[in-house]
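The values are calculated or read from the model by the stated rules, or taken from the named source; none is laboratory data. Bear in mind the structure is a predicted one, so any value in this text is a computation, not a measurement. Because the Cβ atoms are built from the backbone with ideal geometry, glycine has one as well, and the counts that use them run over all protein chains shown.
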Amino acid sequence: MLAASLFKEVFYQSRIPQLVMTLDETKVMVNPAFKQFIGYKDETWQWNSLKVFSHPEDYEVDMKFLQEVIEGQRREYQMEKRFITRAGELRTGDLHVSLIQDQGVSYVLGQVIDITEKKEIEAKKQKSDEKYRLLAENSSDIINLHEPDGMYIYLSPSIQSLGFSPDELVGSHPYDIIHPDDQTKIEELLSSLNEENNVIQATYRARTNSGEYSWFESVLKAIIDPESGETTNVVSVSRNIDERLLVEEHIKKSEKLAVIGQMAAAVAHEIRNPLTPIKGFLQLCDDKKQYNEDYLQIVVKEINRMEEIITDFLYLAKPQEIIKKPLNINELLNEVVTIVENGVGNKNGTITIQPFEQKGTVLGCSNGLKQVFFNIIQNAIDAIGQHGRIEIETNSEQNMYVIMVKDDGEGISSEVFRHLGEPFYSTKEKGTGLGLLISHKIIENHNGKITYESQKGTGTIVKICLPVQNCGAH
């Protein structure tokens, strides 16, 4: 009696939903936890049949197992069973049924572990996984999952664009299809992929199943374990960029042809201008059958102008190799200032140099830099009015030697400012716009930079920075 009483107490106090019933379902005993599980209270509980609160599909399986118990084929079984609550909702339980005997009567004991929430979470995850699977399997991009060492774990069906099936490459390494010449570059990029949230982009050639190579672009991201900080997997998204590269190459060729056409038109235009007076004066000499020294000077001047224009175009078309030597920038500036002093004097202006002791070595081409300084200072002379001032300062900033040319001229409007350094753009009547463009290329070839500060009516500051090679005193 004590055992039966103890069993009954445990049965009713248990938080696990339980029921005990005879094999013919005529006698049933359920505990409060079971009633609560299927949405009943004591006053609303009324036994009818397992069928009432069982999902039809699961009820058939349940009855099959129960029949096997009755026939002695098994003494217990376990299944995942869907229950229908009183409100008509579905709850899922992990049902364990076992055969028990009491005074010669057979009973079955059913115990249910509520896994409804777990199943809902799994269903949501499965639904989410299904969306990602559909995305991966229908994307034109190749979506891959890798081991930390790069080995393929999963490849989306788009890998078939290379002539491989996904299963064919699972377990292999990307280096098996990446061009040997590109592997070193990829290794260097991958070495930085062990940082959290780090993303890298790589461009390389991949081999198709037929042995040909195509250009691909991949974005890779490391999946980091938040606890250990180690890379657990790598995700990559890759796409074929052969067509894009062809389009880009076509655009580059078109741009080159456009520039060549523009330069050809500019050459024709700029050379035609001096040719006009040359032709005119030569015709006058031919008509009068006499020599005119004034005419000859103009002809020579215009020929010199044509030579300068052709020289500028040749420099742009094929810059000469720069032989760099140690330079004293202040000496170069003094030489240029000596050349342009007459132009400043014609405007009754002043030009001053405030030199800074050059520390370290500036390597460069003296002729090229003198041409830059001449272009910049000449522009400043053209910009100032009567009694204008030009100041040239040199200084050091970190590892750069700085030359600043300041003028108090009319300044540069925002419209003109946007076009500084562009070919064939000039505000001067006979300007080609090539002076600043050539200056930019020369400074670029010296690994330096050139910048401007100006507003209309406030003058202009041109800043040239050249790298210093070492820190010894010059």
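Considering every residue within the range 88-97, establish whether at least one is more than 25 Å from E122 (Cβ to Cβ), among the basic types (K, R) and without any contact (Cβ under 8 Å) to a residue 60 or more places away in the chain. No, the range 88-97 contains no residue that is more than 25 Å from E122 (Cβ to Cβ), among the basic types (K, R) and without any contact (Cβ under 8 Å) to a residue 60 or more places away in the chain. Just wondering, is there one or more residues in the range 335-357 that are of a type in the set (F, W, Y) and at pLDDT 85 or above? No, that holds for no residue. Applying the set (1) in contact with a strand residue (DSSP E or B) (Cβ under 9 Å, 6 or more places away or on another chain); (2) surrounded by 11 or more Cβ atoms within 10 Å (Cβ to Cβ); (3) acidic (D, E) to D181 leaves exactly one unmet item: (2). Looking only at the range 95-102, decide whether some residue is touching a His at 6+ places or on another chain (Cβ under 9 Å) and modelled with pLDDT of 90 or more. Checking the range 95-102: not a single residue is touching a His at 6+ places or on another chain (Cβ under 9 Å) and modelled with pLDDT of 90 or more. With a requirement of 3 or more residues that are more than 16 Å from V462 (Cβ to Cβ) and in contact with a strand residue (DSSP E or B) (Cβ under 8 Å, 6 or more places away or on another chain), the helices (runs of 4 or more DSSP H) lying completely within the range 321-420 that satisfy it span 329-345. All conditions in (1) loosely packed, with under 14 Cβ neighbours inside 10 Å; (2) modelled with pLDDT under 90 hold for A222, with the sole exception of (1). Checking each residue in the range 153-173 for being among the aliphatic types (A, V, I, L, M) and more than 14 Å from S214 (Cα to Cα) picks out I153, L155, L169, V170.
Scanning the range 1-58 for residues that are part of a helix (DSSP H, G or I), hydroxyl-bearing (S, T, Y) and touching a residue at least 12 places away in the same chain (Cβ under 8 Å) yields Y12, T44.
When G110 is tested against (1) in contact (Cβ under 8 Å) with a residue 40 or more places away in the chain; (2) out of contact with any strand residue (DSSP E or B) (no Cβ under 7 Å at 6 or more places or on another chain), just one condition goes unmet, and that condition is (2). Regarding R86, is this residue among the basic types (K, R) and surrounded by fewer than 16 Cβ atoms within 10 Å (Cβ to Cβ)? Criteria met by R86.
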